[in-house]
1. Across segment 229-279, which residue is farthest from Pro337 (Cα to Cα) among those that are free of Cβ contacts under 8 Å to residues at least 40 places away in the same chain and of a type in the set (A, V, I, L, M)?
2. What are the residues in segment 354-394 that are of a type in the set (S, T, N, Q) and closer than 18 Å to Cys276 by Cβ, if any?
3. Take Ala295 and tell me if it is within 30 Å of Asp352 (Cα to Cα), crowded, with 20+ Cβ neighbours inside 10 Å and in contact (Cβ under 8 Å) with a residue 12 or more places away in the chain.
4. Would you mind stating whether Phe129 is modelled with pLDDT of 90 or more, of a type outside the set (D, E, K, R) and touching a Phe, Trp or Tyr at 6+ places or on another chain (Cβ under 6 Å)?
5. Just need a number here: residues in segment 247-276 that are in contact with an Asp or Glu (Cβ under 8 Å, 6 or more places away or on another chain) and of a type in the set (Gly, Ala, Ser).
6. Looking only at segment 251-283, count every residue that is open to solvent by 20 Å² or more (accessible area, probe 1.4 Å) and part of a helix (DSSP H, G or I) and tell me the total.
7. Would you confirm whether any residue within segment 230-240 is surrounded by 17 or more Cβ atoms within 10 Å (Cβ to Cβ) and outside any helix (DSSP H, G or I)?
8. Can you tell me which of Glu401, Glu392, Glu338 is farther than 24 Å from Glu254 by Cβ, touching a Lys or Arg at 6+ places or on another chain (Cβ under 7 Å) and of a type outside the set (Lys, Arg)?
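The values are calculated or read from the model by the stated rules, or taken from the named source; none is laboratory data. Remember, it's a predicted structure, so these values are computed and weren't measured experimentally. So basically every Cβ, Gly included, is an ideal-geometry build from the backbone, and we count neighbours across all protein chains shown. We work out accessible area using only protein heavy atoms, side chains counted, and drop any ligands, DNA or RNA first. Shrake-Rupley method; radii C 1.70, N 1.55, O 1.52, S 1.80 Å.
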Amino acid sequence: MASCRWPWRRCYSWRPAARSPGPGSPGRTGPPGPPAAADGGVQISYSNLVKSLTSAFSNRYSMSRFHHTTSAACCCSKTRSGEKYTDPFKLGWRDLKDLYEDIRKELVISTTELKEMSEYYFDGKGKAFRPIIVVLMARACNIHHNNSRDVQADQRSIALIAEMIHTASLVHDDVIDDASSRRGKHTVNKIWGEKKAVLAGDLILSAASIALARIGNTTVISILTQVIEDLVRGEFLQLGSKENENERFAHYLEKTFKKTASLIANSCKAVSVLGCPDPAVHEIAYQYGKNVGIAFQLIDDVLDFTSCSDRMGKPTSADLKLGLATGPVLFACQQFPEMNAMIMRRFSLPGDVDRAQQYVLQSDGVQQTTYLAQQYCHEAVREISKLRPSPERDALIQLSEIVLTRDK
């Protein structure tokens, strides 16, 4: 088989060519940063992006302003605590021993078949990316607050709950998408059918809710129940589309936040609330999780075009086949306006998927999406760097680079 990876995928960045300053940005040129809006909303104005990566804004956004032409050094991070660097996954796993066994204990089920379905993805073969971030954030916030290097039991429970909510959403997504494979094996709906798969996802969510209730902190409960609402709203956003190009990209980023980043952002915020009373730290944790979460999904959308099925553990080009226009497609549409009609009909005509894929690969849509992900990671690093230096803080910085350079 041909190589699954593309040579430019790692550590590339695109810097904009000099251009006339946009409205409201006299004399300014430079790369757009990640959009940030209150309450997780995503509305984009280029001039405000340049002015401040973290300000909320409401002006309309022009996708064409994201186009860049010259290469630059990638946004790579360095550890800053002065302590010996440890791999972030190894560092996080210290607090996640028996993670999947503990999750299975939460799934107290008497029916053999339902138990098998519910435990199907808790086999230790997932990346456990979300639990790793959660426990690293817990330690980083605890150290920042009172130099405590212990993870509280309730903070560790948030890591389990985050993985359970994430897995339940995968089970439900596979039903909606009629997916047949995930993580290199058949999906729950493929083996047991759609009706039973929906019930299995519901059961995992109910078990996560019970575990959350046991923590007994109403603020934390409120934070994490927001995630479940966002997952539903994000799925509804994905079912729709926008005809206007500016609205279309904002729609895409809002969907990305709700379906992917909200869980990471709010889980990080939850452990910060448990470990530190300072609202400023809660916001740092939330902003880090939000920006890393959006970057993670942007790269996932890139990999749908640049990786191959055996590395991803699921079919590639899946988004196009589902009628979804992700970042690479939306950027490519700027160079190939004929894609607009395909986007609006959700790639439903024969040959649409293949032609759209070719347009994407002939354009710089993949590169532009990667660049945008780098800007989100840059903002995540800027936020987490406000915490007191620690190995866990540095591991979170390093994780932002891992998000950009992953190939599956």
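1. Only one residue tops the list, namely Val232.
2. Filtering segment 354-394 for residues of a type in the set (S, T, N, Q) gives 357-358, 362-363, 367-370, 374-375, 385, 390.
Matches in segment 354-394: Ser385, Ser390.
3. Details: within 30 Å of Asp352 (Cα to Cα): yes; crowded, with 20+ Cβ neighbours inside 10 Å: yes; in contact (Cβ under 8 Å) with a residue 12 or more places away in the chain: yes.
Yes, satisfied.
4. Numbers: modelled with pLDDT of 90 or more: yes; of a type outside the set (D, E, K, R): yes; touching a Phe, Trp or Tyr at 6+ places or on another chain (Cβ under 6 Å): no.
No; evaluated as a whole, the condition is false for this residue.
5. So the answer is 1.
6. Going residue by residue through segment 251-283, those that are open to solvent by 20 Å² or more (accessible area, probe 1.4 Å) are 251, 254-255, 258-259, 269, 273-274, 277-280, 282-283.
Within this subset, residues satisfying the condition of being part of a helix (DSSP H, G or I) are 251, 254-255, 258-259, 269, 273-274, 279-280, 282-283.
Final tally of qualifying residues: 12.
7. Residues of segment 230-240 that are surrounded by 17 or more Cβ atoms within 10 Å (Cβ to Cβ), as a first pass: 230-231, 234, 237-238.
Next, from what is left, pick out any that are outside any helix (DSSP H, G or I): none.
No, segment 230-240 contains no residue that is surrounded by 17 or more Cβ atoms within 10 Å (Cβ to Cβ) and outside any helix (DSSP H, G or I).
8. Details: Glu401 fails: touching a Lys or Arg at 6+ places or on another chain (Cβ under 7 Å); Glu338 fails: touching a Lys or Arg at 6+ places or on another chain (Cβ under 7 Å).
Criteria check complete, one pass: Glu392.
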